[in-house]
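**Student:** Sharing a structure, written as structure tokens. Questions coming.
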Amino acid sequence: MEYVGDARHERDLAAERHRCERWFVRQGLPQLIHDYSATTDVLTRAAPFLAFVVFIEFFLVLGDRWTGWAQAGIFVVGLAAMAGAMALVNRIRGRRLFQLPERFGPWEVLAYLGLGAVFAGLGSANAVIVDAAFTLGLNVVLLGGAYVVTSWGLVPMVRWSVGQLWRQVGQMTTLLAKSLPILLVFSAFIFLNAEMWQVAHDFTLPFFAMVAGLLVAVGALFLGVSVRRLAVDLARFSSWVDVRSRCADTPVAHLVPADDAPPPDAPPLGRRARSNVSLLLFVAQSIQTVLVAGIVTGFYVLFGMFTVRESTLMQWTTLSQLTWAESWAVRVPLWGEELLFSRQLVLVAAFIGLFSGLQFAVSVMNDASYRSEFADDMTGELREALAVRAVYHRTLVTETP
């Protein structure tokens with residue numbers, strides 16, 4: 001009876017662990033899974049997509065080369081070939097004939113690549129070897145893409161990022177009220193500066209794109225370095241009290257150790273896990289930074305239309321006239337005056353917007369007050385996932401055989 005109880009306990013722990021690991025995947029953090037493996041964790045999740053690819057390639061064989069009963073016969077033979085390949089691989093693996101794979105190793109990869117190439121050869125009218133080789137190469141690329149997307153949880157990460165975007169848009173008023181006044185203090189003087197407008201006038205669009213790309217690259221590099229440091233800090237917990245408060249609505253809520261248990265001692269984040277957490281932080285912070293840059297750019301476009309008259313712009317840029325072909329000049333009549341929209345206005349506003357976004361990103365990463373205002377919600381979700389990881393390592397990884 002004791003053996004039966006132990007076996008049931010092991011099954012329950014394995015089920016709890018599986019549930020927790022699926023939760024990590026849905027959060028876009030699959031690299032937090034202990035002993036994360038390509039054969040048992042990554043490619044098994046990609047298997048439905050790869051099977052769909054093989055089926056589509058088989059379906060394409062049924063083109064114009066065969067008609068009527070011949071096409072029906074090829075269809076039956078193809079289905080039999082796919083079922084036979086699956087049964088053969090399962091037989092080699094010691095599984096039931098049509099069991100879904102719990103491990104995706106060399107035999108499964110060979111079946112996926114081989115079936116696609118064979119189907120392409122069957123459907124080829126002339127260049128059999130060329131078509132089969134092309135399909136084989138395409139399937140290798142798709143296999144690599146599926147591995148990258150699944151390994152890093154890019155699909156749930158995109159879903160999480162879209163949710164972050166909508167949340168930030170919903171908090172646009174707060175973002176405007178708290179970030180815009182501070183950013184305008186340093187940027188207003190740059191905007192009302194003749195040299196800035198002359199520089200913008202002299203810029204061709206390709207060179208402006210290069211400068212903008214340089215500023216974006218600097219900001220991305222700074223964010224990348226900063227979030228890696230922040231990811232390590234978020235993974236530290238001093239007591240189970242803090243962990244329990246963050247695991248309330250997670251699969252491990254009932255597994256959090258008592259407050260007087262030894263403190264959390266989950267192993268430090270490995271390189272890939274740290275990169276996974278950092279990538280999620282980077283995406284969230286980038287969304288916020290892009291929104292701030294867009295807000296500042298839009299503000300200055302509107303502000304410039306009201307404040308910079310056509311005569312002033314011509315003095316600042318040594319232009320003799322403003323045309324649509326050269327300057328995108330659009331004059332909007334309002335209350336007996338004309339508001340001017342121009343290429344120079346867009347470039348100056350975009351330039352200031354890029355610098356404002358860069359300053360905002362630096363402030364959020366380095367200034368505690370900024371971080372508490374703008375990054376707490378973002379880091380709170382990741383802190384929750386890392387709290388779940390602490391419970392996962394204490395109660396599931398060490399005890400699950």
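**Student:** Which order do the peptides 299-312, 384-397 take when ranked by the mean count of other beta-carbon atoms within 10 Å per residue, highest first? Could you put the intermediate results ahead of the total?
**Tutor:** On the way: 299-312: 16.2, 384-397: 22.6.
Highest-to-lowest ranking by the protection proxy: 384-397, 299-312.
**Student:** If DNA, RNA and ligands are ignored and the probe is 1.4 Å, what is the ranking of 316, 107 by accessible area, most exposed first?
**Tutor:** Details: 316 60, 107 120 Å².
Output order, biggest surface exposure first: 107, 316.
**Student:** Provide 10, 57 ordered by accessible surface of protein heavy atoms (probe 1.4 Å), highest first. Could the numbers behind the result be given before it?
**Tutor:** Details: 10 90, 57 25 Å².
The ordering from most to least exposed comes out as 10, 57.
**Student:** Here's something else I'd like to know. State the extension gain, in nm to one decimal, for the chain segment bounded by residue 79 and residue 236, taking 0.36 nm per residue of separation less the distance between their alpha-carbons. Let's see the in-between values first.
**Tutor:** Numbers: separation 157, 0.36 × 157 = 56.52 nm, distance 5.26 nm.
Gain in length upon complete extension: 51.3 nm.
**Student:** Just grab the label-to-label distance for residue 260 and residue 225, each label 7 Å out from Cα along the Cβ direction, in nm (one decimal).
**Tutor:** Distance between label points: 4.8 nm.
**Student:** For residue 189 and residue 311, FRET efficiency with R0 = 25 Å and r from the beta-carbon atoms, rounded to 0.05? Intermediate values should be presented prior to the final figure.
**Tutor:** On the way: r = 21 Å, r/R0 = 0.85.
Efficiency for this residue pair is about 0.70.
**Student:** Related question: Starting from 0.36 nm per residue, how many nanometres of slack lie between residue 18 and residue 88 once their C-alpha separation is accounted for?
**Tutor:** Extending this stretch completely gives an extra 22.4 nm.
**Student:** Could you derive backbone 3J(HN,Hα) for segment 216-229 from the dihedral phi with the Karplus parameters 6.51, -1.76 and 1.60 (θ = phi - 60°), listing whole Hz in sequence and x where the residue is Gly or Pro?
**Tutor:** After applying 6.51 cos²θ - 1.76 cosθ + 1.60, I find 5, 5, 4, x, 5, 5, 5, 4, x, 5, 5, 6, 5, 5 Hz.
**Student:** Quick one: length gained pulling residue 52 to residue 96 fully straight, 0.36 nm per residue minus the C-alpha distance? List each step's numbers first, then the result.
**Tutor:** Values: separation 44, 0.36 × 44 = 15.84 nm, distance 2.13 nm.
Extra length from residue 52 to residue 96 when fully extended: 13.7 nm.
The values are calculated or read from the model by the stated rules, or taken from the named source; none is laboratory data. Small disclaimer: the values here were computed from a predicted structure and weren't measured. Reconstructed Cβ throughout: ideal geometry from the backbone, glycine too, with neighbour counts over all protein chains shown. When the accessible area is computed, the model is the full protein with side chains, heavy atoms only, and any ligands, DNA or RNA have been set aside. Shrake-Rupley method; radii C 1.70, N 1.55, O 1.52, S 1.80 Å.
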